[in-house]
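Asks: Below is the structure I would like to discuss, written out as structure tokens.
The values are calculated or read from the model by the stated rules, or taken from the named source; none is laboratory data. This is a predicted model, so every value here is computed, not measured. All Cβ positions, glycine included, derive from the backbone under ideal geometry; neighbour counts span all protein chains shown. To get the accessible areas, we keep the full protein, side chains included, count just its heavy atoms, and leave off ligands, DNA and RNA. Shrake-Rupley method; radii C 1.70, N 1.55, O 1.52, S 1.80 Å.
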Amino acid sequence: MSWQRLLIRGLRRAERPGTAAPAVPARRTAERTTPDPDGSDSIGPLDTPREPRTRAAPSDARPWMAWAFGASLAVTVAILAWQGAGETGVGDALRITALASYLWFWPAYAGGALAALFGRAFRPLAARGRELGLAYAAAQLVHAGLVAWLYHVAVAPPGNRTLLFFGVALFFTYLLALLSFRGLAGRLAPRVWKALRTLGMEYIAFAFLVDFARNPFGGSFAHALAYLPFLALAIAGPGLRLAALARPLAQARRVPD
């Protein structure tokens, strides 16, 4: 029968050497093994399947701000309840809240540099720069209130030069916090916003460095033990940012012409 002959011919043709099997569509395989051109989605030497990229939702910094403000307020209340709301108690509360605020500021200040220098281990820290910065601003509200109270109760409060120097840092703190919201920052040219942000962050970092460097030993081992780690961070922060800034230039010089 004709159909039997066709079947036999098909079997013989399949048994001939050099006959290739039907090609399997390779689109899915290519999607799984080809890295993205910009490398932004690469998570290893070879890419693995990823979900379709979606626009990230705006982060909510309110929990961070609440934690930072609440912690500084709780510490302040405890110190003032123990030592009273006079000059001594307010002075101790000022020192503790300054150190606590710096623990929020430093990763916001140096997180991007750490990620640029040491890779993906620090990328989550760099990605939380806005939340950490706003948490620092929230913690500084308590510190600013203590400064105002110190000028009310102190017999010889700090001079006007000190007030002006640290007042500028406080001004930059809340200016940058206000401009961190997209609706306001979007009204500025990108270069203006970047320059203003850099100037503000560097001034705040310098103000902390000056504060920590003023008599860090303080006449006691406990005072030195508390301040020296913060002084080390205040020195290391600008160094890390400069190193991250210089790294692309150093890499460009290594590339042969």
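Asks: Would you mind telling me which numbered condition in (1) open to solvent by less than 70 Å² (accessible area, probe 1.4 Å); (2) in contact (Cβ under 8 Å) with a residue 24 or more places away in the chain Gly183 fails?
Replies: Checking Gly183 against (1) open to solvent by less than 70 Å² (accessible area, probe 1.4 Å); (2) in contact (Cβ under 8 Å) with a residue 24 or more places away in the chain, the one that fails is (2).
Asks: Can you tell which of Ala126, Ala156 is at pLDDT below 95, surrounded by 14 or more Cβ atoms within 10 Å (Cβ to Cβ) and either over 20 Å from Leu99 (Cβ atoms) or out of contact with any helix residue (DSSP H, G or I) (no Cβ under 6 Å at 6 or more places or on another chain) (or both)?
Replies: None of the others qualify; the one that does is Ala126.
Asks: Test each condition in (1) within 22 Å of Asp92 (Cα to Cα); (2) modelled with pLDDT of 90 or more for Gly218 and report the one that comes out false.
Replies: Failing condition for Gly218: (2).
Asks: Counting only residues that are in contact (Cβ under 8 Å) with a residue 40 or more places away in the chain and of a type in the set (A, V, I, L, M), which one in region 58-74 is surrounded by the most Cβ atoms within 10 Å (Cβ to Cβ)?
Replies: Ala68
Asks: Please verify whether region 167-182 includes one or more residues that are of a type in the set (D, E, K, R) and part of a loop (DSSP other than H, G, I, E, B).
Replies: The answer is no, given that none of the residues of region 167-182 is of a type in the set (D, E, K, R) and part of a loop (DSSP other than H, G, I, E, B).
Asks: Would you check if there is a residue in region 104-119 being aliphatic (A, V, I, L, M), over 22 Å from Phe230 (Cβ atoms), exposed (fewer than 15 other Cβ atoms within 10 Å of the Cβ) and in contact (Cβ under 8 Å) with a residue 40 or more places away in the chain?
Replies: Looking for residues that are aliphatic (A, V, I, L, M), over 22 Å from Phe230 (Cβ atoms), exposed (fewer than 15 other Cβ atoms within 10 Å of the Cβ) and in contact (Cβ under 8 Å) with a residue 40 or more places away in the chain, one finds none in region 104-119, hence no.
Asks: Looking at (1) part of a helix (DSSP H, G or I); (2) more than 23 Å from His223 (Cα to Cα); (3) open to solvent by 70 Å² or more (accessible area, probe 1.4 Å), which is the one condition that is false for Thr88?
Replies: For Thr88, the failing item is (2).
Asks: In addition: Taking interchain pairs and intrachain pairs at least six residues apart, which have beta carbon atoms under 8 angstrom, with the first residue in region 186-207 and surrounded by 12 or more Cβ atoms within 10 Å (Cβ to Cβ) and the second hydroxyl-bearing (Ser, Thr, Tyr)?
Replies: Short answer, once both residue conditions are applied: Gly200/Thr173; Met201/Tyr109; Ile204/Tyr109; Ile204/Thr173; Ala205/Tyr109.
Asks: Restricting attention to region 163-180, and to residues there that are in contact (Cβ under 8 Å) with a residue 40 or more places away in the chain and either closer than 13 Å to Gln140 by Cβ or not aromatic (Phe, Trp, Tyr) (or both), which single residue is surrounded by the fewest Cβ atoms within 10 Å (Cβ to Cβ)?
Replies: The selected residue is Ser180.
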